[in-house]
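Worksheet: one structure, shown below.
The values are calculated or read from the model by the stated rules, or taken from the named source; none is laboratory data. On a predicted model such as this, the values are computed, not experimentally measured, just so you know. A quick note on method: Cβ atoms are made from the backbone with ideal geometry, for glycine too, and the neighbour counts reach across all protein chains shown. For accessibility, only protein heavy atoms count, side chains too; no ligands or nucleic acids. Shrake-Rupley method; radii C 1.70, N 1.55, O 1.52, S 1.80 Å.
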Amino acid sequence: MMQQYLTIKELHKDAILFFRLGDFYEMFFDDAVLASRELEIVLTARDNGDKKVPMCGVPYHSASNYIAKLISRGYKVAICEQMEDPKTVKGIVQREVTQIITPGTVLDDSMLHDNSNNYLAAIFESQDVIGFAYSDISTGEFWVTEFCGNDALNELTSEIFRLRPAECLITPGPMDNKWYEKAFENLPNIFTKVKSAVFDIDSAAELLKNQLGLEADQELELSSSEIIAAGLIITFLNETRQNHLRHIKTINHYHTANYVEMDASTRRNLELTSSIRDGRRDGSLISVLDFCNTAMGKRKLKRWLEQPLMNIEAINQRLDAVEEIKTHLILKDQLQKALVKVYDMERLAGKIGSGIASPRDLIALKLSIQACSKLKEISAQASSELLKNISKIDLLQEAVDLIDAAVDDDPPLGIKEGGIIKKGYSAAIDELKKLSQEGSQWLIDFENREKQRTGIKYLKVSFNKVFGYYIEVSKSNLHLVPLDYHRKQTLVNTERYINEELKNYEGQILGAREKLFAMEYDEFIKIREELASYIDRIQALADKISDLDVIYSLSEAAYVNNYVRPCISRDKNLEIKAGRHPVVEKHLLTSRFVPNDIRMDNDIRFAIITGPNMGGKSTFMRQTALLILMAQMGSFIPADHAEIGMVDKIFTRVGAADDLAAGQSTFMVEMVEVANILNNATRNSLIILDEIGRGTSTYDGLSIAKAVSEFIVQKIKAKTLFATHYHELTELADELPSLTNLSVSVLDSGDNVVFLKKVLPGKADKSYGIHVAEMAGLPAPVITRAQAILEGLEKEKAPGKSQHILQQQLFDDIDPVTEEINSLDIDSLSPKDALLYIYKWKEIINTKK
Ligand SMILES: Nc1ncnc2c1ncn2[C@@H]1O[C@H](COP(=O)(O)OP(=O)(O)OP(=O)(O)O)[C@@H](O)[C@H]1O
Ligand SMILES: [Mg+2]
């Protein structure tokens, strides 16, 4: 057996081999050492000739939890099963690897998240184009695109960051693969290098056509790099033995240019799906918009949010639907009540397609489709295009009828122990069921007969899995036991027997049960197979229903949060009246959010925003980006009124993020991002710059900031918001007519400063940084000293002359005792405390000497 193990292991060196031995999966050698550490299970040893081999194991029925753990830590698991029944084989049972589970190919519910897709991606690089494909095998969606030109790598990177695939296949391409490591440091462990088996276009095309069920002479209408990238995915699925993926039936071609482009750092900065601070969903835009009732709705909402549209008709269609539901409260309520009854049909279709659906999954599918019929009815009353379309959904009557007729309404989870098939569906199954029910009556009769015959009062006929049927007699009655009883088992107070009649019965009934289970199993598999022919229709239905759920969610968000419908246009104008930050407004506990306006058009396209720290500059700029993004995804927005000229790309350069691991300094990272913006932004883009240039010396920083601003205003002409503490930059407004100054206002009454968070035209002259530092709790002497330095600097005006001030001795040597005396509230001291202080001071003074 060890030899068999080694032969199989040799073929799966890069995976942990789960080797089936009876009721356990065993691991040996290094796999055992690794698994015992990762899974915290006991490491034992197995005799192998004269040596001992490290070994550990997990029970097969609870293996999926252990596998999930290993997969989540980036390992692959190869499952090796017994291909024969050990009872019927002499010698070594034949074993084979039936499945290799990797992060991108998991299908088990316990390893998937409801709210997000689990993508397997593939990148194929050729000389000048990059083919890119991805699929979620739990739902069957399959997408492909390509990138070319100078910006190809950037576009690929932002797609990867949008999708965050669980696994990404890469090939040894003409480009040095090192850039992967560099570009994707934050996503370690996702890359799997594949061998170069299918890189020719013909075999890739054949594989793909096979999977999609196309004839050999049908065109794929994809480019060759796209076909190869998609082919890589199919090959990988075949290699990992995911052969029966009948739900991967269509491949969708897409262009990233059809959606608003955002690079990785912009997605992160805008906190679309997770917050920067702790990476959690709470505090992100999606958390305030998500009122979805279904898991597939939640996943689709994420997709809409990460791919805002650039097609005005499509955006307005969504907005029309959101508006209709938002204003018709009864409609909204009815939709919600029906939507919550819909299960994850996408993944149910996936389970049917990959042959792992349980009887309960089929019932869930039936209930979901029935709920959809209600949704169809409701949306038929609607007048907006998108909702009217939903009333045309196909309700798969045949599939529902089949499940309804065949599958018991409350079936077990497993498929091997009967209880699945409904009465009346199969005469043969009903007959066997009757037999086993009659059997129970027979047992009752038998028990009564035996009681009478033997005169034993305590006599019971029962069954257990190990001993089968038996007659149980209490010890006090043993003298009455007849001769035809044969002892089977002795317990403390009872003896268990069998006799000829019961043995015969056992043979019959167990045979019947086994037969019944086998028949129910076979019938169930047939039903499941038959349902597989409806997969594309189930997927189409799921797609429409998830759209509906997202529309519902956006309507509810608009209703609850008081959003308005934005007016979308193709011109360059931007006008938001009383806009609010959708996330910050939800998280303010003690104060109210102060709404702000913004206006930009052909003449004014660039705003420099100055004003105090904590004044609300960053919030205002992000809010502007978020509102545009929400509008283009088809959502209402937090404002009183908004005209939004569509943008093609959004760029943000916000805050300083150190990237020390990559060997890049704060300033370097910042400049790389700014370079990316200047090279890729267009006239139709939105650029948010938050304090660029501050990571270097004042003069360098100011010069860069100024040059960047000039370049954007004169060359790129993108809509830009630039927050800065370089007040010198405000002078640019005198030179450049399309540049304007905004500032966040402050109420400064000398001693007291109040940040009003109101953005107004004009420039600010002070930063109030020291005031904020004081609020933050910097020690009083530091604040006093900072104030003195600031006054000195302001007198000298030019920043360059500040050197000698800064190099003065920074702090008078403040005596800690004096300090403490000053800060003491003497009136509130008890005499004893006062005495203790004096002792302490004396000690300090003595040690100083
Ligand atoms: N319009 C607003 N209404 C109410 N509170 C706001 C508003 N804008 C911002 N805030 C609150 O003020 C805090 C500081 O805002 P923000 O970070 O935007 O200031 P800032 O001007 O960018 O400061 P700095 O110059 O230090 O970067 C925010 O965390 C938020 O809680
Ligand atoms: Mg800021």
Cut-off under 5 Å, modelled amide H: who pairs with T720 long-range: F606, A607, I687
Once amide H atoms are placed 1.01 Å from N in the peptide plane, what residues at a sequence separation of 5 or more from M614, or on another chain, have their amide H within under 5 Å of its amide H? none
For segment 543-638, which GluC sites (Glu not before Pro) pass both filters: DSSP loop (anything but H, G, I, E, B) and at most 15 other C-beta atoms within 10 Å? none
In whole Å, how far is the Cα centre of segment 442-460 from that of segment 3-19? 56
When the Cα centres of segment 518-554 and segment 351-400 are compared, how far apart do they sit, in Å? 8
Straight-line reach only, C-alpha to C-alpha below 19 angstrom: list the lysines that K795 could link to, leaving out same-chain residues fewer than 8 apart. K766
Given a cut-off of under 8 Å on Cα pairs at least six residues apart, what relative contact order in percent is computed for the chain? 9
Ranked from the most accessible area to the least, with a 1.4 Å probe and all protein chains present, what is the order of D47, D536? D47, D536
Lys/Arg Cβ at +1, Asp/Glu Cβ at -1, dipole of segment 427-528 taken about the Cα centre: which of T494, L443, I509 is farthest positive-ward? T494
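Based on the mean of other beta carbon atoms within 10 Å per residue, what is the order of 450-463, 390-403, most packed first?
390-403, 450-463
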Around E84, under 12 Å between beta carbons, what's the net of Lys plus Arg minus Asp minus Glu among the other residues? +1
With a 1.4 Å probe and every protein chain left in place, work out the accessible area per residue of the chain in Å², rounded to a whole number. 49
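Using just the helices of the chain, give the 222 nm mean residue ellipticity in deg cm²/dmol: DSSP H runs with n ≥ 4 each add -39,500 (n - 2.57), and the total is spread over all residues, rounded to 500.
Computed ellipticity for the chain at 222 nm equals -14000 deg cm²/dmol.
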Relative to the compact-globule estimate 2.2 N^0.38 Å (N residues), the Cα gyration radius of the chain stands at a ratio of 1.26
Could you please state, rounded to a whole Å, how far the C-alpha centre of segment 78-120 is from the C-alpha centre of segment 477-514? 41
Just to confirm the filter: which trypsin sites (Lys or Arg not before Pro) across segment 40-98 are DSSP coil and have at most 16 other Cβ within 10 angstrom of their Cβ? R73, K90
Residues whose placed amide H lies under 5 Å from that of S569, excluding near-sequence neighbours: I644, G645, M646
First compute the accessible area of segment 2-101 with a 1.4 Å probe, then give the percent of it belonging to carbon and sulfur atoms. 52
Probe radius 1.4 Å, ligands and nucleic acids left out: which of F711, F19 has the largest accessible area, and how do the rest follow? F711, F19
What ³J(HN,Hα) values, in whole Hz, does the Karplus curve 6.51 cos²θ - 1.76 cosθ + 1.60 give for segment 821-833 when θ = phi - 60°, with x put for Gly and Pro? 4, 4, 8, 7, 8, 5, 4, 8, 7, 7, x, 5, 4
Under 21 Å from the Cα of K842, which lysines turn up, not counting those fewer than eight places away in the same chain? K832
Find out how many positive minus negative residues lie around I608, taking Lys and Arg as positive, Asp and Glu as negative, among other residues whose Cβ is under 11 Å from that of I608. +1
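Within segment 1-108, list the GluC sites (Glu not before Pro) lying in a DSSP loop whose Cβ has at most 14 other Cβ atoms in a 10 Å radius.
Passing both the DSSP loop test and the Cβ count: E40, E84.
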Proximal charge balance of I41 [Cβ under 14 Å; K/R count +1, D/E count -1]: -2
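Compute the relative contact order of segment 602-739 as a whole-number percentage, counting only Cα pairs closer than 8 Å that sit 6 or more residues apart in sequence.
This gives 36 percent for segment 602-739.
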Calculated from backbone phi, Karplus (6.51, -1.76, 1.60) coupling profile of segment 373-382 in Hz, x at Gly/Pro: 5, 5, 5, 4, 4, 4, 6, 5, 7, 7
A 30 angstrom limit on the alpha carbon distance is what I want to check against. Which of K13/K69; K300/K416; K416/K503; K351/K434; K572/K617; K209/K526 exceed it? K300/K416; K351/K434
In order through segment 760-774: 3J(HN,Hα) via Karplus (6.51 cos²θ - 1.76 cosθ + 1.60), integer Hz, x for Gly, Pro: 10, x, x, 9, 9, 10, 10, 9, 6, x, 5, 4, 5, 4, 5
Between their Cα atoms, which of K302/K649; K90/K422; K366/K586 are more than 30 Å away from each other? K90/K422; K366/K586
